[in-house]
Every structure is written in C-alpha cells, then in structure tokens.
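All remarks here apply to the structure that follows.
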Amino acid sequence: MTRDPAVRRLDDWGAPELRDLANEYGTPLYVLDLDRVARNFERVQAAFPNAAVHYAAKANAGRAVLSRLATEGAGVECASAGEVERALEAGFAGEDVLYTAVNPPAADLDTVVALARDRPELTITAGARDTVDRLAERGYDGRLCLRVHPGTGAGHGESVATGGDASFGVPAADVPALLEDASDRGFDVVGVHAHTGSGLSNEDRESHLAVVETLASVAERTTVDLEFVDVGGGFGVPYRPEEPPLDLDPIAEATREALAHLDVDLVVEPGRYLVADAGVLLTTVNTVKPAGEQGTFAGVDAGMTTLLRPALYDAFHHVRSLEPDTADREETAVTVVGPVCESTDVLAEGRRAPEPDRGDRLAIGNAGAYGIEMANQYTSRPRPAVVALEHGEDRIVRRRETTEDITAMEEP
Ligand code: PLP
C-alpha cells in the first residue's frame, strides 16, 4: 500500500491487500486505516498550528476512530447526546468535548446537562435563544457557545450548505445581545460558532471567509470576553479522481488574518477531512446484466443501506475493480446497483470500466466519512462489518450484524 500521499486516492490502495481482506472478512466490508486518520489529523493541525482541532464525530463515530483521535490529542465535536456518551467512553475528557445542540430533543439536553455536572469543562453550543432557555430550565449555567447563522453557506450540495440555512444558529445581528443576556443570566459564555457547509472546495474559500468575518464582527461587537471562535468544519476531499485536493493553507492563513485583531483562540471542526480517504468499502458483484445502450448493470452486495450518500445527495464515489485480469477485459459503461428495490439504489452510474464478472470484488473510494455512520437496516439488511488497519495489522472493530441484531429490540 502506498504510504501517506497528501491525498489518498482509491488507486493508492493495493488491490491484492484489499482482495485478501474481502476474502477473510466477507463483503460488504468497510476498511478503515486508522494510521491514515492520524496523518490527516496531523495535516489539519499543521495547517492550523495554534487551533484546537475538534473532530466532528458525525462523520464516523466508531469507537476505534474516536479513541485513536483522542490518543492523538484531538478534541471532538458531538451532534447528539449519544455522540457525547460515545466520545467520553472512547477516552475524550470533558474539556475535549463540544456538544452542538441542533434543535435538541429534551432527552439529549437532559443527558448532556447531567454529564456536564461532573465535567464542568464540557461546552454546549446553542443554536437558538430557546435552547439557552431550555438549558437554564435544567439548571445548566456552565460553558456556553452560541451558534451563529451567518446567512451564507457553501459545500458539495444545497443540502449540506448549512451556513445559508436559517434552521442552524441565531441570526448574526441578534448574537451580541444574546451573548450578553446569557452572561447576565449566569452562563459561562465562552465562544461563538458557525459552520459554512460540508465538502468545501478551493472555489468555496471566499464563502468560508465571509462566514469567518461574520464571526469576527460578532466577537468584536459583544462586550462578553470570549475564549474562542469556532469556524466549523467542512473541509472537502476530492471524490472524483481528476479533482484537485483542497489547499488548506490559504484557508488557514485567511482565517488567522480575519481573527488576528481579536484575543480569541481558534477552533476548527473537521469531520470528513480526517476520515474520508482513510476508508474504502469492499463489495462483490452478484449479478451481471447486459442492458443494451445503457451498458452493463453490475448488481453488488452493497447498496443504499450500506453507503447512503449517492442516494441521499447524488454523491459521486470512485469505484474500481480489484480483479487482476481487468486489463484483458473489454471496457463498457458499468452501472453499479445495490440489492434494494428502489431506483435510488445506484452506487455508480455509467462509468467506463472493464466488463464485470460475477464474483468480482470492487472497491468504493472515500468511504470513511458518512459511510458506516449512515448505514441502515432498510429491507432487513444487516449493517456491514468494519475492519481497521493500524500499525501494520488488521482487526474487526465492528462485527457484521445479523438478522437477530435487527430484531433484538422487538417485543412479541
Ligand atoms: N461541525 C458542524 C456543526 C457540522 O454540522 C458538521 C457537518 O455537518 C461538521 C462540523 C463536519 O463537517 P465535515 O464532515 O464536512 O467536516
């Protein structure tokens, strides 16, 4: 396997090694290289040398990922009480945890407020005045950050350009007064936060900077002494083979400049950037169907229940055959489809690729982020196993589910 390129493309993974893993553990199988996760964390830390890097656990909250990043010295950003519980269990300390409460269910607030009683260093980010009230009702007066709705967003699609969506955060103009109000009510007001969107590319730099500048102006206008400004995550990775990687340095530089006149610490919350290219999904062709002008349909044992992103966002994932004889096969347009009877169950459409054969192993790239995390059991399909690569060894870190796992919660 090629060691540590700046971007790990699907072609950088060794086909024989991946085939061996598929043979040993079966498919569909997520493979996650924890050493690569650690290198990606180092890359962000190097671009933002004085920032606190909090991993957005929603990208992949598996214990193996969380505990490796805790060991590496990362912090964590949690989107739910469950993520907070999993992060603490994986080894993060209270001071490492930022909990971003987006329209939080009562049970989430109850749980996190209870956890914060023993861990007063934990920080809760509220995205609405109402959430601040609900925290006060629960007797919480600990570390509080406010999520700002900056009014601009960007990212790999409309559905993830959260900065432009009013359901996330308090309008920027209202934030200074709310910060002061919360401080007067006894909260330990420590920061402001915004998230531009997910999958930011080099072209999105200006939008991201506009969000950082909005945060800076909020921090300037408040009389509350803030400890940090959290500019969110969203750093994109190239999903298409021809796409250039995101250049983090100019983003980091512009972010630092925009905040230089403020006496605040910088926080970033990357999710995808740390785990996406550390993971691949392995799958096996089970059905080959010639489809005339449409080329060939390859039915595989992974689908929208295993990797939801193509169905959810029309997301592109590079797919590659792991078979040794592909150079001898004719090229055709191959559409890779899953086993679910939904027309959205398409992992790749009309790609120029060698004619598939039943039993072929395929690898799907950049599957480490929002892959296993979004996997589901629709059509009673057990979720796949996850194998981790670490320090030259491989081990199962999440076993393959069974039908019994699916029915375990049912009562007669
Ligand atoms: N922070 C917040 C508040 C988010 O909502 C998200 C993603 O939705 C992230 C961080 C991480 O985004 P990404 O995985 O694109 O870095």
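The values are calculated or read from the model by the stated rules, or taken from the named source; none is laboratory data. Note that this is a predicted model, so its numbers are computed, not measured. Backbone-built Cβ (ideal geometry, glycine too); neighbour counts: all protein chains shown.
So here's what we get for this one:
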read-out: Selection status of Val190, among the aliphatic types (A, V, I, L, M), under 24 Å from Val132 (Cβ atoms) and assigned to a strand (DSSP E or B); value: yes
read-out: Any hit, region 59-74, residues being within 15 Å of the chain's Cα centre (by Cα) and under 30 Å from Arg129 (Cβ atoms); value: yes
read-out: Hey, Ala22 of a type in the set (A, V, I, L, M, F, W, C), free of Cβ contacts under 8 Å to residues at least 40 places away in the same chain and part of a helix (DSSP H, G or I) or not; value: no
read-out: Candidates Ala276, Ala291 - the one that is within 30 Å of Glu355 (Cα to Cα), out of contact with any Pro (no Cβ under 7 Å at 6 or more places or on another chain), surrounded by fewer than 16 Cβ atoms within 10 Å (Cβ to Cβ) and not basic (Lys, Arg); value: Ala291
read-out: Which numbered condition Glu203 misses (of (1) modelled with pLDDT under 90; (2) touching a Gly at 6+ places or on another chain (Cβ under 7 Å)); value: (2)
read-out: Test: Arg147 is within 13 Å of the ligand (Cβ to nearest atom), at pLDDT 95 or above and of a type in the set (Lys, Arg); value: yes
read-out: Where a residue in region 197-212 is outside any helix (DSSP H, G or I) and its partner, wherever it lies, is within 12 Å of the ligand (Cβ to nearest atom) and of a type in the set (Phe, Trp, Tyr), with Cβ under 7 Å and at least six apart; value: Leu200/Phe235
read-out: Members of region 256-279 found to be in a loop (DSSP other than H, G, I, E, B) and acidic (Asp, Glu), listed by number; value: Asp263, Glu269
